[in-house]
Structure formats: C-alpha cells, structure tokens
Amino acid sequence: MLDTTLDMLRYGLRISMLSQDKNVQSVVDSISSSEIVDHIRIFNSEGKVLYSSNHNEINKNLAVIAPQHVNTKNIRQKNIRLVTELGLYSVTEPILNGKECQSCHQSGETIAYLDIDTDFTKAETVFYTGSSHMFFLAIAGMIVLGISIYLIFNYLINRPLKKLIAAMDKVETGNYDVQLFEKKQDEIGTVYNHFNNMISKLKSSAEKIEELHFERLQRVNRLKTLGELTSQMAHEINNHTAIIMSRADYLELESNRKMDLKDYSEDFNVILDQTNKLSLITGNILRHSKKSKNIFEKVNLVDVINRGIQLLNPSLKKKNINFDLSLKVNNAFTLADPLQMEQVLINLVNNSIDAIEKNGQIKIELSDNPDFGLQLSIADNGCGIEKENISQIFSAFYTSKDQEKGTGLGLYIVKNICDNHNIIIDCESEPGKGTKFTLNFNRHES
C-alpha cells in the first residue's frame, strides 16, 4: 500500500507540474483522502513544508511540527521506516530534477522531498499488537515458571538438605540421638535412611569407645595407685635393707678380728653383695616413682642402657630370653633427661618381652649414625605387628595386648618423650618374625 501510494503521488505530481495550473496541493489532498494514508508532506531541503495533507503545517518547519520524524540533512535515496508504536509505515524520498523539470527548476539535483505515512492494515495491527502481547506474556510466563521452579526446588531439595545439615550440626556437637524421617521413598528418603543407619553405628561406636576409654582410665588409675604403693614399699624395704647392710658390714669387720667369726667372712660378703643389689633395685624404683621436672643434661646412653637392664633382668630371666648387648661407640653422650631416657628404654624392652612367649631373643645395639650422631636399636623375634597397625602404635590407648596386660600408653609416652628431645623414632615389623625400633639421637660433643 505504501508503494502504491508513492507511485500515485509521483504520477499526480508529474501530471500537475506539466499542466498549466500546477495545482500540487489538490493532488496531495486527493491522494491523502484514502483511509490507508495517514499523512503526506512535501518539504524543501531546509525542512520547510511546501505542501501537506494537513493545511496547518504548510510553510512551517518540519523539525518543529514533527521532531525527529525525518533527518532532512541526509536524504539521498528512498528510505522506508516501520514506526510500530504509531502503527505506521513511513517513506521519505527525494524528488529528482529530471529533464522535463529543468525548464522550471534550473539547477540542483533535488527539487524537494516526499514524506508519506500510511497506517497498518488490520492484519498488521493484529500481528504487531499480538507480538507485543506475546512478548509480555512470555516474560510473565518465564517469571511464573521461575517462581514455580524455585518453590519446587525449595520443597523437594533445599528444605531436605537444610534439614540434613541441621542434623549433622547436632551430631557434630555430640548428639547421636538425631533421626531423620521421610515418608517418600525417593532419593531424599534413601539419603535419610543411610544417615540414620550411619548415626546408629556412630552412636554404638562412641559408646564402645567411651566404655573402653573408661576402662583404660580405671586401669591407669590402678597402675598409679600400684606405683604409689610400690614406692612406699620400696622405701620401707630400703630402710630395712640399710639396717641389714650395716649389721652385715659390722660382722664382716669383726670377722677379721675374731677367729670364731672368720669362717663366716665369705657369708657376710654374700649378704652385703645381695643387699647392695636389693638397695640398687629399690633405689631405681624410688627414682622412677618421683615426680620431677624435665632436666636436660649431658647423658651417657651406655649408663642409661646398663641401668635399664638391671631393672629388666628379672623379667628377662623369667621368660628365659637371650639378651644381646652391642655397644659400638666411644662417645655416647647426648643432651637429655636421664630419667626419661630410661623410661623410653624400659617401655620398648618391656614391649619386646611381652611380644615373646619364651626362649626368645632381644638385641640392643648402640652405634654411630653419620646423619644424626647416635643410633639405638631394640630388636626382638616376637610375634610382630601387622602392617596396617604400625601407623597406630603411637596413639594413646591403642594396644593389641590383653586388657589386663596393656594400657595402650607405653608407646604413646615413648613418642612424646622422643618428640620433646628431637629424637627420631621408627618402627619396622613383620608378623611372625619380630619388631625393631630405631632411635636416632643428636650427639653432644662438648
């Protein structure tokens, strides 16, 4: 319709300009009377309206009566525009100065400009209106869909997850009575069931650990009490031993002066020797039972080993264990707490004794280590340790011994003492063949 209107206007203007009256306005009025035509204007290069379907616009500037409708500076060719908001098709076209026009219009390529606006047809109006409605309807649909998805996600996923997280937070605080219930047997229901089973097992394990922990603490307490009693007994025995030693020493001196006691001189020496050994044992017990601060001093590891062996000799003989001591160093001094070094040695050798049934062998070797200084190894041919358990042996309350035999604190204490002394301890073991503990010390030169 726009092209048809434009053709009719071109034809009418050509006939009018070639006629004598040149009534261009009547052509514009005639064509604009069509229902489809909204507006017709003819304007010059300065924007002045020369002819218009609206007579009130004549001789007025287009920029004033219709701002931004047409850019009068850049019209070079036919330009069609769709003005959807006004329901119009608009076309602007220059009127060229043809040969038949040059008799009146002497110069210039363009005489004036045509501006025609035609209304949408009913079909176009429905189409563009429907498109707008569909666009807004699509937006509304997306909003409704988004809200629906959020509500469904919140109900089916987010809310159950929050419930699960809240339950896990309670479990983290130590509450093992938490249970989650879900009627639906879907994925969430399955997760809840697994959570409930996990919590039941965790609760059972926690109760067993608590019970075992309590039993260990009771045993440690009994051992503490036993240690205190042993210390008191050792003190009392030491007192009586001192009396025996003094009397035996007096009788030995008398035997040198009195001939009737001369025959008993050797017996007096045996009594003195045995009471000295008894005094040494009770002295060691008293020394280990006293609470003392950590005192780091220059310690000879050879002396530590010899004192430890004296304490452990009865246990070694009881099980008929062959004991092999190998000292391959000249300077065995290190900076340490001597009492704690004895405790490390005694705990490790005691473990070896417990691992051997009878007629076993324990070897202690002290040698130089070029990387650290000194190396002490304690090896046995006992039952050994399973590979998967080696990483746990230094943990508190971990033990593979019978309940009445082990507390699970021996190696834990050994590891802590080693860490405090910068001693590197390592364990190698093979089930059925034995275990070897290696300790690397820093040598004290000065």
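Values for this structure:
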| read-out | value |
| --- | --- |
| Members of segment 142-166 that are of a type in the set (S, T, Y) and over 23 Å from Y192 (Cα atoms) | S148 |
| Test: residue in segment 211-228 that is more than 30 Å from G410 (Cα to Cα) and of a type in the set (D, E, K, R) | no |
| In segment 19-67, the residues that are out of contact with any helix residue (DSSP H, G or I) (no Cβ under 7 Å at 6 or more places or on another chain) and at positive phi | N59 |
| Neighbours by Cβ (under 8 Å, 6+ apart or cross-chain): first from segment 61-74, free of Cβ contacts under 8 Å to residues at least 24 places away in the same chain; second in a loop (DSSP other than H, G, I, E, B) and buried (at least 17 other Cβ atoms within 10 Å of the Cβ) | N61/G47; A63/G47; A63/T72 |
| Any strands (runs of 3 or more DSSP E) falling wholly within segment 47-162 and containing at least 2 residues that are farther than 26 Å from M8 by Cα, at pLDDT below 85 and open to solvent by 100 Å² or more (accessible area, probe 1.4 Å) | none |
| Pairs, first within 14 Å of Y89 (Cα to Cα) and open to solvent by less than 20 Å² (accessible area, probe 1.4 Å) in segment 17-41, second in a loop (DSSP other than H, G, I, E, B) and at pLDDT 80 or above, C-beta under 7 Å, six or more apart | I40/S53 |
| Subset of segment 346-366 (residues that are free of Cβ contacts under 8 Å to residues at least 60 places away in the same chain and under 21 Å from I417 (Cβ atoms)) | I346, V349, I353, D354, I362, I364, E365 |
| Lone qualifier among K318, K298, K277 - being open to solvent by 70 Å² or more (accessible area, probe 1.4 Å), at pLDDT below 80 and out of contact with any Asp or Glu (no Cβ under 8 Å at 6 or more places or on another chain) | K277 |
| Residue among N196, N175 that is surrounded by 13 or more Cβ atoms within 10 Å (Cβ to Cβ) and modelled with pLDDT of 85 or more | N196 |
| Yes/no for K203 being modelled with pLDDT of 75 or more, surrounded by 14 or more Cβ atoms within 10 Å (Cβ to Cβ) and out of contact with any helix residue (DSSP H, G or I) (no Cβ under 9 Å at 6 or more places or on another chain) | yes |
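The values are calculated or read from the model by the stated rules, or taken from the named source; none is laboratory data. The structure displayed is predicted, hence computed values, not measured ones. Don't worry about glycine lacking a Cβ; one is built from the backbone with ideal geometry, like all the others, and counts go over all protein chains shown. Remember, those area values only see protein heavy atoms, side chains included, never the ligands or the DNA or RNA. Shrake-Rupley method; radii C 1.70, N 1.55, O 1.52, S 1.80 Å.
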